[in-house]
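The values are calculated or read from the model by the stated rules, or taken from the named source; none is laboratory data. All values reported here derive from a predicted model rather than from experimental measurement. Virtual Cβ from ideal backbone geometry, glycine too; neighbours counted across all protein chains shown. For accessibility, only protein heavy atoms count, side chains too; no ligands or nucleic acids. Shrake-Rupley method; radii C 1.70, N 1.55, O 1.52, S 1.80 Å.
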Amino acid sequence: MEEKFVIHGGKPLQGEVSVGGAKNAAVAILPATLLAADVFTIENVPHIDDVIILLNILKRLGAKVQFIDRTTVTIDTREVKNGDVRLNLAKRLRASYYFVGSLIGRFKDVGVYLPGGCDIGSRPIDLHLKGLRAIGAEVDTDFGVFHAKAEQLVGQEVYFDQVSVGATINVMLAAALAEGTTTLINAAKEPHVVDVANFLNQMGARIRGVGTDTIRIRGVKELHGCNYSIIPDQIEAGTLMIAAAATKGDVLIKNIVPTHMDALTAKMIEMGVEIEEFDDAIRVKYVKPLKAVNIKTYPYPGFPTDLQQPATVLLSTAEGASVIVENIFEARFKHIEEIRRMGAQVTVDDRIAVVQGVKRLTGAQVKASDLRAGAALIIAGLMADGTTEIVNIKYVDRGYDHIENKLISIGADIARIPVEEDEPIDIELDFQ
Ligand code: EPZ
């Protein structure tokens, strides 16, 4: 059943809210359990649609999966017998390509339907193919299947033409069981990349240098199960920080790693937001009208592309003009069409958006085009005068665990309701 969010805006968010486990770590760590035939207990797993789909794929492969509580999962991979992931479920999310890196070392011949995921650009997988080929896999993408074959993977030096979170993680997964040492050069340094490497090391892998642009993986013969707790979600934390400032609120965002937020924190301070950092929390307090700033998205530790869309909305009522350059994805401005309907004044030219601050946004009926665009529209609805309705919120549920509940707990007036059928069109009208 299709649902929508209905938001009555203009209420400052106030109070305390906790952040869940990192989606972009979880969607790699869950497939990575297939690198071993053993049992795992994983905590702080975000209860989001992408995770539910991945757990269903694990079950279809023969793993035993059980939720101990809403965010703790046990996984037993001892009965998994093959690497055939040509399941329709796999087409629904981008991260399904991690099954290739996770299965190739043990099953020698694996196939996954080519990934789906948010429509924010072409999103090729050439760097995944280059890295897997470098360590000895024969890979192809014929018939819509990401297929890899390798009798024995052999460690190699892999240079990534551009920084890629997915390719760094996927090749790291495969290299963990390769013979010899693999060196990833120009590797991604995102917190979730570090978290996946830490998980693999808990499984007995020997990965060093993660968090820098050169990662060294010394292959081992076998890996084993482990217990692990996923890091807090940097992007959910950033989304809540932006929502606090956008609604002129005062919110303590808990259970985060403040240093992961540095690029956003610095920008928000530049805008005039008051930020106070604690060991595992950040307090965001609106104290005066925000000033326009310029943002360019870059790989970590640069400003995260996943927060570009929420930040654009925050700047829509700042004083002055902000220039936003989206360096990572070529089609990540789809939310702008929608916030224009709410009064935002934004011009877009290729990868550059210029946001001219306006006095206020006004509520409207809008639709989410992808996960973070949906988050951006929720923030727009919270800050706008009047009522906003957002449809296509299934995108939001892929990456946030019932975000409306967290927002309600800090004062938002937001409800998730079924989408009513369109008024029936009376086609019986006869034409005189
Ligand atoms: C991951 O996507 C995240 N998704 C994205 O988050 C995030 O925006 C992105 O990293 C950048 O941080 C997951 O982790 C599941 P990339 P990924 O490979 O791995 C190009 C969200 O909202 N590229 O780092 O697909 C690519 O086109 C999602 O949570 C190639 O050219 O991103 C892009 O321009 C959206 N060839 C750039 O690199 C390749 O083989 C960065 O992509 C791979 C990527």
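So here's what we get for this one:
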{"quantity": "Residues being of a type in the set (Phe, Trp, Tyr) and either in a helix (DSSP H, G or I) or modelled with pLDDT under 95 (or both) - total across the range 389-408", "calculated": "1"}
{"quantity": "Lone unmet requirement of (1) more than 16 Å from the ligand (Cβ to nearest atom); (2) buried (at least 24 other Cβ atoms within 10 Å of the Cβ); (3) more than 17 Å from GLU236 (Cα to Cα) for GLU270", "calculated": "(2)"}
{"quantity": "Complete set of residues in the range 119-146 that are within 15 Å of the ligand (Cβ to nearest atom), closer than 12 Å to TYR97 by Cβ and aliphatic (A, V, I, L, M)", "calculated": "ILE125, LEU127, LEU129, LEU132, VAL139"}
{"quantity": "Matching residues, the range 140-161, being within 28 Å of the chain's Cα centre (by Cα) and over 24 Å from ASP213 (Cβ atoms)", "calculated": "ASP140, THR141, ASP142, PHE143, GLY144, VAL145, PHE146, HIS147, ALA148"}
{"quantity": "Count - residues of the range 333-370 that are open to solvent by less than 10 Å² (accessible area, probe 1.4 Å) and within 14 Å of GLY121 (Cα to Cα)", "calculated": "2"}
{"quantity": "Strands (runs of 3 or more DSSP E) completely within the range 315-361 that count 3 or more residues being out of contact with any helix residue (DSSP H, G or I) (no Cβ under 6 Å at 6 or more places or on another chain) and within 19 Å of LYS267 (Cβ to Cβ)", "calculated": "321-325, 352-356"}
{"quantity": "Near pairs, Cβ below 9 angstrom, 6+ apart or cross-chain, from the range 264-293 (closer than 11 Å to LEU314 by Cα and small (Gly, Ala, Ser)) to any residue that is assigned to a strand (DSSP E or B) and open to solvent by less than 10 Å² (accessible area, probe 1.4 Å)", "calculated": "ALA292/SER322; ALA292/VAL355"}
{"quantity": "Every residue from the range 374-388 that is part of a strand (DSSP E or B) and surrounded by fewer than 18 Cβ atoms within 10 Å (Cβ to Cβ)", "calculated": "ASP385, THR387"}
{"quantity": "Single match in GLU3, GLU16, GLU79 (criterion: of a type in the set (D, E, K, R), more than 13 Å from the ligand (Cβ to nearest atom), modelled with pLDDT of 95 or more and touching a Leu at 6+ places or on another chain (Cβ under 8 Å))", "calculated": "GLU16"}
